[in-house]
Ligand SMILES: Nc1ncnc2c1ncn2[C@@H]1O[C@H](COP(=O)(O)OP(=O)(O)OP(=O)(O)O)[C@@H](O)[C@H]1O
Ligand SMILES: [Mg+2]
């Protein structure tokens, strides 16, 4: 007779019909029971329609029958709260002292970087004032799901995205939403979305140190924050506000990203600091955290974002961005552990 382990192994890579996600990546297998020639499998329904459930049941039955000829197979679907199903290892919040510094861009590039390294990555777009994230990735599909939970939309490379802007119809004016409503929506994105297995969930926070940003920090167990600034942000005070907000909520700052740091002129093979001298040293000191990346002003990057093709951007610093964040998370966790031990 087959073992539970064998059945689980075979079902792992099975793709859920219509959702282009594997059973394993969504943590759908709830139970496998084998007794007297009968294999009973319990699967979390995770927002699947009855039709999808039917097709998946047939697929599973076929796989198990192949493993053990003549066995009786029973597949049952149960409703499980997404929150219980989700396994999210690290949550990185991208924030800034003020709007328009490239926060969404950094959130997007971070996700692209980590995804290229082979990790399971999601983006929670908590900034409802504009559809930046869906636009950068060229997605407009409405998320599937039902009352038991909703499914993130997949980008071309398989990053799982959830954004209020994917749920609103074109005529809806998101900007009129008030703070408490935004907070509620974001809370639901944590509790009611089937993220599945994620190594990294990147959160694009609302601009500045607003109530909405605070809500996210309070309701979601954030591993750490990445703070984005531009060199013309001479008002260091604004960025300091972001640092102190993270610190007051006991969220470590993982590092800083200097956006629009310089422009590269290929004809001269020269980097020109368009908006003044780099503030990296000052920021690193103020944050007590490393510099994760210096991003140049790049019209090519802006064009790719406009065309929904951020995933096609190929430059060296993207690789470093992901690697530096991973390192900073490891350092932060180690420091926390040490702190606990010495207490
Ligand atoms: N390094 C860069 N090179 C070229 N264009 C950039 C760069 N950084 C940002 N942009 C462009 O500037 C605009 C604003 O960037 P983005 O939306 O990421 O900022 P934001 O901080 O998220 O803004 P908001 O506060 O409104 O959410 C976008 O159109 C983006 O493509
Ligand atoms: Mg934004």
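The values are calculated or read from the model by the stated rules, or taken from the named source; none is laboratory data. On a predicted model such as this, the values are computed, not experimentally measured, just so you know. All Cβ positions, glycine included, derive from the backbone under ideal geometry; neighbour counts span all protein chains shown.
Hey, any hits in segment 60-72 for a residue that's surrounded by fewer than 17 Cβ atoms within 10 Å (Cβ to Cβ) and part of a strand (DSSP E or B)? The answer is yes; a qualifying residue exists. Here the condition is being outside the structural domain of residue 325 (by TED's automatic domain parsing), in contact (Cβ under 8 Å) with a residue 40 or more places away in the chain and away from ligand 2 (no atom under 16 Å from the Cβ); of 71, 35, it holds for 71 alone. Consider segment 100-125 and keep the residues that are in a loop (DSSP other than H, G, I, E, B) and more than 10 Å from ligand 1 (Cβ to nearest atom). The one that is surrounded by the fewest Cβ atoms within 10 Å (Cβ to Cβ) is 118. Listed by position, the helices (runs of 4 or more DSSP H) contained in segment 244-343 that have at least 3 residues being out of contact with any helix residue (DSSP H, G or I) (no Cβ under 7 Å at 6 or more places or on another chain) and crowded, with 16+ Cβ neighbours inside 10 Å are 316-342. The set of residues from segment 58-71 being over 14 Å from residue 10 (Cα atoms) and out of contact with any helix residue (DSSP H, G or I) (no Cβ under 9 Å at 6 or more places or on another chain) comprises 58, 69, 70. Selection within segment 83-99: residues that are in a strand (DSSP E or B) and near ligand 1 (Cβ under 10 Å from one of its atoms). The member of this set that is modelled with the lowest pLDDT is 96.
Confirm whether residue 80 is surrounded by 20 or more Cβ atoms within 10 Å (Cβ to Cβ) and at pLDDT below 95. Spelling it out, it is not the case that residue 80 is surrounded by 20 or more Cβ atoms within 10 Å (Cβ to Cβ) and at pLDDT below 95. Filtered by the rule that a residue be in contact with a strand residue (DSSP E or B) (Cβ under 6 Å, 6 or more places away or on another chain) and within 9 Å of ligand 2 (Cβ to nearest atom), segment 102-119 gives 102, 103, 104, 107.
Checking every residue in segment 279-290 against the condition of being within 11 Å of ligand 1 (Cβ to nearest atom) and in the same structural domain as residue 139 (by TED's automatic domain parsing) gives zero matches. Taken together, 53, 30, 9 contain a single residue that is in a strand (DSSP E or B) and not assigned by TED's automatic domain parsing to the domain that holds residue 142, which is 30.
With the structure loaded, tell me whether residue 26 is under 16 Å from residue 14 (Cα atoms) and surrounded by 17 or more Cβ atoms within 10 Å (Cβ to Cβ) or whether it fails that test. Answer is yes for this residue. Does segment 44-57 contain any residue that is under 30 Å from residue 330 (Cβ atoms), surrounded by fewer than 19 Cβ atoms within 10 Å (Cβ to Cβ) and in contact (Cβ under 8 Å) with a residue 40 or more places away in the chain? Within segment 44-57 (the criterion being under 30 Å from residue 330 (Cβ atoms), surrounded by fewer than 19 Cβ atoms within 10 Å (Cβ to Cβ) and in contact (Cβ under 8 Å) with a residue 40 or more places away in the chain), the answer is no, since none of the residues qualifies. Of the set (1) touching a helix residue (DSSP H, G or I) at 6+ places or on another chain (Cβ under 6 Å); (2) assigned to a helix (DSSP H, G or I); (3) exposed (fewer than 14 other Cβ atoms within 10 Å of the Cβ), all apply to residue 18 but (2). Filter segment 135-153 down to the residues that are touching a strand residue (DSSP E or B) at 6+ places or on another chain (Cβ under 6 Å) and in a loop (DSSP other than H, G, I, E, B), then identify the one that is surrounded by the fewest Cβ atoms within 10 Å (Cβ to Cβ). Here the answer is 141. Entry remark, segment 83-99: residues being more than 16 Å from ligand 2 (Cβ to nearest atom), closer than 19 Å to residue 328 by Cα and buried (at least 18 other Cβ atoms within 10 Å of the Cβ) number 3 in total.
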